[in-house]
Structure formats: structure tokens, C-alpha cells
Amino acid sequence: MDLAPILIGAGVIGFIALLTSLRVLFEYERGVVFRLGKLTRARGPGLIFLLPYAIERMRKMDLRIVALDIAPQDTITKDNVTLRVNAVVYFRVADPIKAVVEIEDYYFATSQLAQTTLRSVIGQSELDELLAQRDRINEVVREIIDEGTDPWGIEVTGVEIKDIDLPQEMKRAMAKQAEAERERRGKVIAAEGEYQASTKLVAAAEIMERFPVALQLRFLQTVVEVAAENNSTTLFPIPIELFRPLIERSGVSDRADAEATSRALKAAAESMLEALPQGGDRAALEAAARKMIAGAVAAPATDAVPVAVKPGEGREG
């Protein structure tokens, strides 16, 4: 009996079985192997060998990060504002055995869990919080999804809210609010500038008060600035400070003359009082002389001392 054809056929069958039993897995792939329906272990990467004739079967699992786009969701915030929010979830298979054994389709399950979690978290947040603290909302959603997918061997690495679509009425209201806020900031800044300028002006006024020449220098500087324009007629006010020395000198001379006059009148009144004659009208004349002395002493520097003498007063009988 010729065994050559049998051996050749057996060799061909064995070679084909060997070829179908070899698998090559990339660095980012793992193979979950089942032997007669029973889980053995995850293999890879590289070249692996499976028992032929369907004794061992393998299911490939990709370990790279997957970007899952969540469809726009109609949600209502805590302050009853209707929004349309869409986001993207980044996740990866951390345990390929759990991703195969524990759940039928981990991709679909993760998508549904992300949608429900996003609506739930936004429903517990107010609009201002959602707009101003988006990073915190993303972290809360990520933690909830990661906790829910951990039994499936899925690790959620990040969640990002891409777009928040507001109603037109809310957009107009927010635009008015932003405009009012900008106006408030502008008024506050202008008031702060006026306050700072007033403090500087007060300091400059104090310096000019101590040094009047500074006012004249400022006046001359203003004249130079105005003189640069040759297309207008300019009226120059003369500051009163220029005449203050003359006024002070004249005031001193007037006060000296008034004091000298007052002293002369006082001396004359006192001599009149001493020279009063003895008689019945002496009391009246003495009262008039004393009144003249009091008027000369109390008279201001610029006023004359009024003296009124009736006809025949001061004479005897």
C-alpha cells in the first residue's frame, strides 16, 4: 500500500492548520483567548499560537483611546433654562478580559451612560455655573462615567463639553447683562481716575500755596503752549499774585499812618482832659473827652476817629 499520498495530504492539512493557528497582534492590541468556550487568558502583542480546528478562538481588543462623540442633548438647567449640549468622551479599554466577558458592546454602553450622565449633571447645575465652571462640570461627568464603566474594564480619561446652544431670548438677555457690566466698569474706572487726579491737584495746589512763584511759572508755561497756535486771538488774564507785594506794602504804610493819627488824637484828648476848667459842665466835658480817647484807641487802622463837638460845649456859662 502506497502511503505517500496519505502523508502528503496529512502534511498539507497540518501546514494549513499551522498557518490558521498563527496570529500576529500589534502593540496596541490584545487577544482574549477561549478554549472550547472557556476563557483562558489575554495574549499579545506579537506572534501567538492558537490550537487549530476551532479548539481555541480569539477576540481582538484595541487598547487605544477612543473619542466618543455624544449627540446634542436637550437639557434643562437647575434655574429652568433650556439648553442643547454636546460633548466628547475619551476612554480606553483597560482590562480586555472584562470588556469581553462582562458586557456585550462596551462602546454602545459607554455612549448611553455618557448621555444620561451629561443630562443629569447639567440638570443639577445653574446656567452661570455651567458657563463659568466648565472644567469642574467636565471633571464631575468624567468621574461619574468612569465609576460606572469600571466594572466593564473601561477607563474614562476625559470629558469635554464642546458646545452649549442657548435660546435667542437668553442670548439677548446675556448681551444686555454684559453691556451693563461693561458700562459699570467704565464708570468705576472713570471715577477712580477723577479721584486720583483730584488728589494730585490738591497736592499741586498746596505746593503753589507755599511757593506763589510756581503759579507764575505755570501761567507762563500755559502762555507758551497757547502761543504755539497762531490762528486765534488770546486774552491773557493777569494773576493777582503779581500785585500782591505792592498791595502788602501799601497796606503796611496805610496802617502805620493810621496808628500815628490815632496816637496823636489820643494825646490831644488826654491834654484836653487835663485842661478842662472847673465848673458845672466839667462832668459833661470830661465824659466827651474820655469818649474821644476810647474812640481813638478802638478805631481801626483804616478808619478816622469821629469827633462831634456841639457849639458852645466846653465853655463856662
Options T116, T110, T82, T77; residue that is hydroxyl-bearing (S, T, Y) and in contact with a Pro (Cβ under 9 Å, 6 or more places away or on another chain): T82
Lone qualifier among Q177, Q168, Q221, Q216 - being exposed (fewer than 10 other Cβ atoms within 10 Å of the Cβ) and polar (S, T, N, Q): Q168
Among the candidates L7, L51, L83, L39, residue that is more than 30 Å from D135 (Cβ to Cβ) and assigned to a strand (DSSP E or B): L39
Identity of the residue in the range 69-117, charged (D, E, K, R), under 21 Å from I154 (Cβ atoms) and in contact with a helix residue (DSSP H, G or I) (Cβ under 8 Å, 6 or more places away or on another chain), that ends up surrounded by the fewest Cβ atoms within 10 Å (Cβ to Cβ): E102
Test set (1) touching a Ser or Thr at 6+ places or on another chain (Cβ under 9 Å); (2) closer than 30 Å to E169 by Cα - F49 fails condition number: (2)
Number of positions in the range 10-36 that are under 58 Å from the mean Cα position of the chain (by Cα), of a type outside the set (D, E, K, R) and assigned to a loop (DSSP other than H, G, I, E, B): 2
Some residue of the range 177-188 being more than 18 Å from the chain's Cα centre (by Cα) and either more than 30 Å from F91 (Cβ to Cβ) or in the same structural domain as T117 (by TED's automatic domain parsing) (or both): no
Residue count, the range 115-132 (criterion: among the polar types (S, T, N, Q) and either over 24 Å from Q177 (Cβ atoms) or touching a residue at least 60 places away in the same chain (Cβ under 8 Å) (or both)): 4
First in the range 41-70 and under 17 Å from V100 (Cα atoms), second anywhere and assigned to a loop (DSSP other than H, G, I, E, B) and modelled with pLDDT of 90 or more, Cβ under 6 Å, 6 or more apart: L63/Y28; R64/Y28
Identity of the residue in the range 86-105, assigned to a strand (DSSP E or B) and of a type in the set (V, I, T), that ends up nearest to K162 (Cα to Cα): V88
Test: residue in the range 24-38 that is under 20 Å from P151 (Cα atoms), in contact with a Pro (Cβ under 7 Å, 6 or more places away or on another chain), surrounded by 14 or more Cβ atoms within 10 Å (Cβ to Cβ) and among the β-branched types (V, I, T): yes
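The values are calculated or read from the model by the stated rules, or taken from the named source; none is laboratory data. What you see is a predicted model; the values in this text were computed from it and never measured. When we count neighbours, we look across all protein chains shown, and the Cβ atoms used for this are built from the backbone with ideal geometry, even at glycine.
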